[in-house]
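This report refers to the structure that appears directly beneath it.
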Amino acid sequence: MLVFIGMFVIIFLQLINLQLFSSKYKIDADNQGTFRKVIYPDRGIVFDRKGRAILQNTLIYDLMVIPGKIKGTDTAALCRILDIDSAEFHRRIIAAIIKNKSYRASVFEPLLSNEKMAKLNENLYKLAPGYFMQERSVRDYPYDAGGNIFGYLGEVDSNILKNPKYEGYVMGDYIGRAGLEKTYEKVLMGQRGIEFWKRDNKNRLTDPLEDGKFDTAAVAGKNMYTSIDIELQELGEKLMVNKLGSIVAVDPKTGGILAMVSSPTYQPKLLTGAERKKHYAELLLSPARPLFNRSVSASYSPGSTFKTLQALVGLHEKVITTETTVSCSGAFYGCGGGNPMKCLDRGTFNLEGAIVVSDNTYFATVMQRVITNPKYPTQDSSLGVWDRYMYAFGLGHRLGIDVPSERPGNIPTPADFNKVYGKGSWNYCNFRSVSIGQGEVTTTPIQTANEMAYIANKGWYITPHLVDSIEDGDQFGLLTKYKEKHEAMDIPDSIFEVVQNGMQGVVERGTGAGAKVPGITICGKTGTVENYYRGVKQPNHAFFCGFAPRDNPKIAIMCVVENSGRFGGTYAAPIVGLMIEKYLNDTIAKSREAIVEKFTKLNLIPPRIYSEMKTVDSMLHKKDSAYLIAKGYIKLIKDTMEVDASDEQEILDQINKEKDDQKKGQQKKENDNKQPVKPEAILPTEKKKPEIKDSVNI
């Protein structure tokens, strides 16, 4: 009897505990009856200099999964809708648990196509509560240009979550991975919101819980206003079709970037939507490297465009005057006759004339006088002085532009030559080719455009940048450095006037005549650049840079066409002329539209690129990911574009997926083609041939 009473008391107390004190079943009931919905905010809209939206938003859906709640759902139906097999289904579930635990929502299928959306909507009640649709704001591109400027978004992964810089992000969030999207992530991202909804007995959402009393509204990201002229950007990309290279145009008065073309480029819409992974893998493995932003990441010898800076240094150091003449009899013999540096124009030239005809001997002589200047005790110290000029001109260091992956270029230092030749064991003749923009000196396109802004402004520049202002102010202080003038060297205006005279002559009667635009006074400089690829000499790069109009300059610009095999005046100068005309006149004259079409149709892709494309295409056809890794294609991309581990894995996953799809398609085709046989004719199973795997022994 006492035992019975004791059991009754225990049961009674447990009932009281469950009813009054324990929250376990209340939570379970609430979970069944309510749904917590994350509301992703719209990212900030980006506008060009004329107020046109160039980066905006559209709505798309992800299919989310909570692995701990999928028991009993119709897995086979889901696999049919998503066109995946059970192995892929289990791989995704395991990945979701590893990344985000079994009780948290993870993305199961991102960026659903309209067709999959429709099928899922019909069947979603069968899949709840383990699966649900999550609406998400993704990027939309009103103009088919600017991919290398905008960058793209990617899903947050474990590597990002480990970084304290990204505190507050969770699995399933999207984050800027390149371009403006990455640099201004804090501005553009906004803040997530939460909504609580009631469910009915079929797990369908019905009404907001308590009329939204517990909801938190999403806060959209801040809008940004850029210096980009999107029509100028479109023209630049059109002119650079089927060419490798870059165009960068800057407003010299503000440092605002008007256009930043990296060629080949890509359609920005390719990296959003359901096919993003496929397109990303294709772009990343292309030997032409369309995701590589040449405007800030590619370093080139600047060639004869560098001579304008040599002139500034020579005049300011007083080793030459405007009337100093130098004669060229076919080469520069200032370092002896053993291996003279050739020049194309024979004759005697003063400074202005030497700039106009781009005479090598003149500028080799100028730099030799700077380096051997008796006012400095050693050539080591005089090279250090020359270095300081170059740094003041914006070379040899990162400018600090507001897109990622900027490279510093290279200005040779005494320490460099001490390391190569030994301290005190070198002189000017060891690096004489630097005087004409070859050898150890390299610059990026953004640096070259910026040095044109420096000359246009007669001694100062503002760091080039894309974003001019942010809605509601610069809360994070990201734009402060783009308001400061850099004017480290006190070079008189009279010296700049002399150099500008020569540059005007380049366009009006010299090597840059192809840049002429009726009614506009353009100052410019051509460059023809020798270059090597893996030790093999390649066709010359074509360079042209300049600014316009000479009085009150409004655009400073450069263009490089890689491996064109011709002079800078042949291809780069006409492209720059068209860009200047479009920006200053807001149109291209009808009489010059044929030039636009001519350059649009001109194919200057180097033969080696086509050869490499065939190799990679062959490997992709075989889906041989190990070969691509062994040959260094993926490493090259990682090193030059700051691709992280998750991006690399995306490539390999895509290649392997296509390989599996190809194998399944082949098997299906073979099965469909099999002729039916009588049971008595069935032979013993043929021994299965070993599967051919990715090759690694190259």
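Details
- Largest-first principal axis extents, alpha carbons of region 54-160, Å: 47, 34, 22
- Taking every protein chain into account, the accessible area of region 344-386 amounts to 39 square angstrom per residue (probe 1.4 Å).
- Flagged links, alpha-carbon separation over 28 Å, of LYS243/LYS481; LYS116/LYS278; LYS182/LYS238: LYS243/LYS481
- On the principal axes of its alpha-carbon atoms, region 561-612 has extents of 41, 19, 15 Å, going from largest to smallest.
- In this calculation the C-beta distance from ASP144 to GLU612 is compared with R0 = 25 Å, giving a FRET efficiency of 0.45.
- For region 339-366 versus region 519-598, the inter-centroid distance based on Cα atoms is 22 Å.
- Computed over protein heavy atoms with a 1.4 Å probe, the accessible surface of region 227-273 works out to 21 Å² per residue.
- Expressed as a fraction of 2.2 N^0.38 Å, the value expected for a compact globular protein of N residues, the C-alpha radius of gyration of region 324-365 is 1.03.
- Spatially close Lys pairs in region 498-596, defined by Cα atoms under 27 Å apart and a spacing of eight or more places or different chains, total 11.
- The Cα trace of region 375-462 gives Rg and Dmax of 14.3, 42 Å, the first to one decimal, the second as a whole number.
- Heavy-atom accessible surface of region 310-362: percent carbon and sulfur, 1.4 Å: 48 percent
- Within region 258-328: Cβ-based charge dipole about Cα centre, in debye rounded to nearest 20 (Lys, Arg +1; Asp, Glu -1): 400 debye
- Sorting ASP380, ASP173 by accessible area puts them as ASP380, ASP173; the probe is 1.4 Å, largest comes first, and only protein heavy atoms count.
- Dividing the convex hull volume of the alpha carbon atoms of region 278-409 by its residue count gives 160 Å³ per residue.
- Inter-label distance for THR34 and THR254, nm, one decimal - labels placed 7 Å from Cα along Cα-to-Cβ: 4.9 nm
- Rolling a 1.4 Å probe across all protein chains gives SER469 an accessible area of roughly 50 Å².
- Dipole of region 76-167 [Lys/Arg +1, Asp/Glu -1 at C-beta], most positive-end residue of GLY151, LEU78, ASN100: ASN100
- Anisotropy class of region 107-264 from Cα gyration tensor, a/c 1.5 cut: prolate
- For LEU235, the solvent-accessible surface with a 1.4 Å probe is about 20 Å², rounded to the nearest 10.
- Approximating the spin labels as points 7 Å out from Cα along Cα→Cβ, the LYS269-to-THR322 distance works out to 5.5 nm.
- Placing ASP83, ASP140, ASP48 in order of accessible area, with the largest value first and a 1.4 Å probe, yields ASP83, ASP140, ASP48.
- Rounded to the nearest 10 square angstrom, CYS79 shows an accessible area of 10 square angstrom against a 1.4 Å probe.
- Most positive-pole-ward Cα, ALA453, GLN438, LEU395, against dipole of region 388-453 from beta carbon charges: GLN438
The values are calculated or read from the model by the stated rules, or taken from the named source; none is laboratory data. Note that the structure is a prediction, hence the values are computed from the model and not measured. No Cβ is skipped: glycine too gets one built from the backbone with ideal geometry, and neighbour counts run over all protein chains shown. Keep in mind that these areas ignore ligands, DNA and RNA; they rest on the heavy atoms of the full protein, side chains included. Shrake-Rupley method; radii C 1.70, N 1.55, O 1.52, S 1.80 Å.
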